[in-house]
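Student: Here you go, one structure.
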Amino acid sequence: MSLAPADPSLPFAAPAPAADSGNSLGPLADGLVSLMETLGAVGAGIAVFAENLFPPIPSEVILPLAGFAASRGELDLLPAVVFTTLGSLLGALVLYGLGAWLGRERMRAIARRLPLVDVADVDKTEAWFRRHGRKAVFFGRMLPIFRSLISIPAGIERMPLHAFALLTTAGSLIWNTAFILAGFWLGEQWHVVEEYAGFLQWIVLLGVAGAASWFVVSRLRARRARDAE
């Protein structure tokens, strides 16, 4: 994938895909550029807020692109970090509220209706989150997929809101700063960051798929053992 400025003479020119790239990143990048061109760092924050609620919008594109804009002098670097981190926090608080609304009893009711899932699994998850929830929220903000989802169990468990906000802000600040600075330093090659982040996302997806497969197989074996008895 190779992106180059459409026209360096235009303010904040949208990086356009090369003719032979054959990827779908161009329209998305154009839309993000338009938002940041109109609203500046606030636009980058709004994009990150939306990314928390709609994960198909990748922060791995938004953040390096904001850094690229900063390298061209179209955004200030510090406001870009501040507003994207604020967007991360606000999006996480919405999902925390969703988890708090869902609550333990609804989770147990859902578990009773799911095949291969027992209410005891919910209890074990709650016990794990009580022990490791703070670390999960902090480090989860730096993992693809889990970045948004970790806010829901935090809400279900009613983690103290001040602690959740502080840990979310700290983890998001590290993630956002790293990606914005990468885009700033790489300039027109900002898309390289998204490629490497995509590799990390595949590792996480494979880990999740492996854990899910192990869970299903172990439950089927346990069920067969009970039936045999």
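The values are calculated or read from the model by the stated rules, or taken from the named source; none is laboratory data. Worth saying up front: this structure is predicted, and the values here are computed from it rather than measured. A quick note on method: Cβ atoms are made from the backbone with ideal geometry, for glycine too, and the neighbour counts reach across all protein chains shown.
Student: Please indicate, with yes or no, whether at least one residue in the stretch 14-35 is surrounded by fewer than 22 Cβ atoms within 10 Å (Cβ to Cβ), at pLDDT 80 or above and assigned to a helix (DSSP H, G or I).
Tutor: No; the residues of the stretch 14-35 include none that is surrounded by fewer than 22 Cβ atoms within 10 Å (Cβ to Cβ), at pLDDT 80 or above and assigned to a helix (DSSP H, G or I).
Student: For the stretch 130-142, which positions are surrounded by 15 or more Cβ atoms within 10 Å (Cβ to Cβ), in a helix (DSSP H, G or I) and modelled with pLDDT of 85 or more?
Tutor: GLY133, ARG134, ALA136, VAL137, PHE138, PHE139
Student: Of the conditions (1) under 23 Å from LEU167 (Cβ atoms); (2) assigned to a helix (DSSP H, G or I); (3) modelled with pLDDT under 90, PHE68 clears all except one; give me its number.
Tutor: Failing condition for PHE68: (1).
Student: Follow-up. Taking the condition of being under 15 Å from the mean Cα position of the chain (by Cα) and charged (D, E, K, R), how many residues in the stretch 124-158 meet it?
Tutor: 2
Student: Go through the stretch 143-157 and give me each residue that's of a type in the set (A, V, I, L, M) and either in a helix (DSSP H, G or I) or modelled with pLDDT of 95 or more (or both). Even if it seems obvious, please write down each step before you answer.
Tutor: As a first pass, look at the stretch 143-157 and keep what is of a type in the set (A, V, I, L, M): 143, 145, 149-150, 152, 154, 156.
Matches in the stretch 143-157: LEU149, ILE152, ALA154, ILE156.
Student: Among residues belonging to the stretch 36-64 that are more than 28 Å from LEU98 (Cβ to Cβ) and in a helix (DSSP H, G or I), point out the one that is modelled with the highest pLDDT.
Tutor: Across the stretch 36-64, the extreme among qualifying residues is PRO64.
Student: To continue, here is another question. Return only the number of the condition from (1) touching a residue at least 12 places away in the same chain (Cβ under 8 Å); (2) outside any loop (DSSP other than H, G, I, E, B); (3) out of contact with any Ser or Thr (no Cβ under 8 Å at 6 or more places or on another chain) that PHE179 does not satisfy.
Tutor: For PHE179, the failing item is (3).
Student: Just to verify a result, which residue in the stretch 70-90, among those that are in contact (Cβ under 8 Å) with a residue 60 or more places away in the chain and small (Gly, Ala, Ser), is surrounded by the fewest Cβ atoms within 10 Å (Cβ to Cβ)?
Tutor: At the first step, the residues of the stretch 70-90 found to be in contact (Cβ under 8 Å) with a residue 60 or more places away in the chain are 70-72, 74, 77, 80-81, 84-85, 88-89.
Restricting the remaining residues to those that are small (Gly, Ala, Ser) gives 70-71, 80, 88.
Numbers: ALA70: 23, SER71: 18, ALA80: 28, SER88: 27.
Per the stated criteria, the residue is SER71.
Student: Would the stretch 158-179 turn up any residue that is charged (D, E, K, R), at pLDDT 65 or above and within 30 Å of ALA69 (Cβ to Cβ)?
Tutor: Within the stretch 158-179, not a single residue is charged (D, E, K, R), at pLDDT 65 or above and within 30 Å of ALA69 (Cβ to Cβ).
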